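Below: one structure, written as structure tokens.
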Amino acid sequence: MNQEFETATFANGCFWCSEAVFQRLRGVIKVQSGYSGGHVPNPTYEQVCNGDTGHAESLQITFDPKLISYQKLLEVFWTTHDPTSLNRQGNDIGTQYRSVIFYHDENQKRLAAESKEKLNEGGIYDRPIVTAIKPLTNFYPAEDMHDNYYNLHPLQPYCFYVVKPKIEKLKKYFKEEIREVSK
């Protein structure tokens, strides 16, 4: 990958939802769905869904910091999921759906902690933020069937009723950062 690009890794619920959101941002080069934070090497989707591997469904986002900042990615992260819900996003329940920022370096750790603290102090949410901030120790790409899922299946019921509203929220709050996505 280009030396000028950076990587962010987030877990914020189902990766079908998160992938579709981050793919639509200018400056995002690639979004890879996968599994982070667990103890089983190369887990499968079925293993992660069983909740026994310790992994969270996550994304690795390759981005051009000249076009979009890590701080802006954090803003999108906080805005497009519920960071106050422990091990759950909507009807998706389990530790694999937990909210985590997996930082790649000390600067990302600092920026993540500062943004979380600012949101907690600002009273943006009715409950405290439960999002963990942890060092990235592993990332295993998900199976190919998960790649570009929403864009390939926009009328699938889960995509239509769960993913599409997240994209609409993104368009509402981040319209200046949006770009078109092709299948």
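Evaluate region 137-156: report whether one residue or more is out of contact with any Lys or Arg (no Cβ under 9 Å at 6 or more places or on another chain) and over 30 Å from V40 (Cβ atoms).
Within region 137-156, one or more residues are out of contact with any Lys or Arg (no Cβ under 9 Å at 6 or more places or on another chain) and over 30 Å from V40 (Cβ atoms).
Give me the residue from region 124-183 that is among the hydroxyl-bearing types (S, T, Y) and over 19 Å from F15 (Cα atoms) and, out of that set, surrounded by the most Cβ atoms within 10 Å (Cβ to Cβ).
Among them, the one singled out is Y125.
List the pairs whose first member sits in region 151-168 and is farther than 14 Å from D92 by Cα, whose second member is at pLDDT 90 or above and assigned to a loop (DSSP other than H, G, I, E, B), and whose Cβ atoms are under 8 Å apart, counting only residues at least 6 apart or on separate chains?
What qualifies is F160/P154; K164/P154; K166/T80; K166/H81; I167/R24.
If you take the residues in region 32-74 that are charged (D, E, K, R) and over 11 Å from the mean Cα position of the chain (by Cα), which one is farthest from G13 (Cα to Cα)?
Here the answer is K66.
The values are calculated or read from the model by the stated rules, or taken from the named source; none is laboratory data. This structure is a prediction, so every number in the text was calculated from the model and none was measured. Every residue, glycine among them, receives a Cβ derived from its backbone with ideal geometry; neighbour counts consider all protein chains shown.
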